[in-house]
Amino acid sequence: MDLKKSYTEKYGYERIITARNSVLTYEEIDMLKLAEGKSCSISEAGKEFALMVLSGTCTVKGSGFCFERVGKRKTPFDGVAEGVYIGKDTPFTVTAVGGDVRICVAKAPAEKTIQPYRIDAEEVRTKTLGEGPFERFAAFNLDECREAQRLYIGEFWAEDGNWASFPPHKHDVDDMPAEGALDEVYYFEFDKPQGFGVQMVYSKEGDINEAYKIRTGDFVEIPKGYHPCAVAPGYRCYCLWIMAGNNRGLFSTTQEEHTWINESYTAKNDK
């Protein structure tokens, strides 16, 4: 099972993860790059959208709304992403402002009608997760504090040999509130052209058992199972994670044989 897809940066709108080439239930992913002053109009019925600005600045407008100068960073390593949420059956146009803009376009089927809104960096919740060799900095850009039907999106930054999504966890069973079934996609960039890492995806049942070398522009689909990843020593890794499902939130369970890791670090810090 090949869960990895690679994107080579270029101008224009490109479909990366679609209903035809993916095993995921809910989400689809497109990439958009525009030169200054160029525009792209998008309209797909029955889907909600989240535009996450990877770098550059844009204006997003449609009937009854106009969000100007969305995006403040030059690279994904310059702070948290800004973005725009667009509810179902709402055509919109994106225009690059002040230079090139790069955007990850996340989509999911929707039945509810939700008004468009912008996601400003100053309003995004951030938190340091993990400790020691599995410490990473995370942002929760489109979390349960913001209205959406199925999309749930965030970012993390890991560096210098550290692991993320660790201890291994999964969210592929509807057993609320302990665990919710959500698709997920990881998108990666590295701070140097030669930077790389490893992304694993493996299931409890053993029907998925994959490990991928990841570079800038790589996507990895997570239809089920555990999905820890690591960055090579000496490099910094950026990951945009996009989840979609009926239970929006971090409803996951840790792989049983590795729960002692969290317990060990908690006990050490309590001394």
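Overview of results
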| item | result |
| --- | --- |
| Gyration tensor verdict on the range 103-182 (Cα atoms; rounded if a/c is under 1.5, prolate if a/b is larger than b/c, oblate otherwise) | oblate |
| Label point distance in nm, ASN246-ASP143, each placed 7 Å from Cα along Cα→Cβ | 2.5 |
| Size of charge dipole - the chain - debye, nearest 20, with Cβ of Lys, Arg +1 and Asp, Glu -1, no other charges | 860 |
| 0 to 90° range, to nearest 10: angle between helix 259-270 axis and the chain longest Cα axis | 80 |
| Reachable lysines, given that their alpha-carbon falls under 21 Å from the alpha-carbon of LYS38 and they are not under 8 places away in the same chain | LYS10, LYS61, LYS72, LYS74 |
| Around GLY161: net Lys/Arg minus Asp/Glu count, Cβ-Cβ under 13 Å | -1 |
| GLY99 long-range amide H proximity, modeled H, under 5 Å | GLU36, GLY37 |
| Simple spin-label estimate for LYS74 and GLU263 in nanometres, 7 Å along Cα-Cβ | 4.8 |
| CD proxy at 222 nm, helix term only [per DSSP H run n ≥ 4: -39500 (n - 2.57); per residue of the chain; nearest 500] | -1500 deg cm²/dmol |
| Neighbour net charge for PHE196 - beta-carbon separation under 14 angstrom, K R +1, D E -1 | 0 |
| Length-normalised contact order of the chain in % [C-alpha pairs under 8 Å, at least 6 apart] | 19 |
| Under-5 Å amide H pairs with GLU135, H placed in peptide plane, nonlocal only | TRP163 |
| Candidate values (i) 30, 21, 18; (ii) 33, 21, 17; (iii) 27, 24, 16, label of the one derived for semi-axes √(5λ) of the Cα gyration tensor in Å | (i) |
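Bear in mind these aren't lab numbers, they're just calculated from the coordinates by the rules spelled out. Keep in mind the model is a prediction, meaning the values are calculated, not measured. Neighbour counts are summed over all protein chains in view; Cβ atoms, including those assigned to glycine, are modelled from backbone coordinates with ideal geometry.
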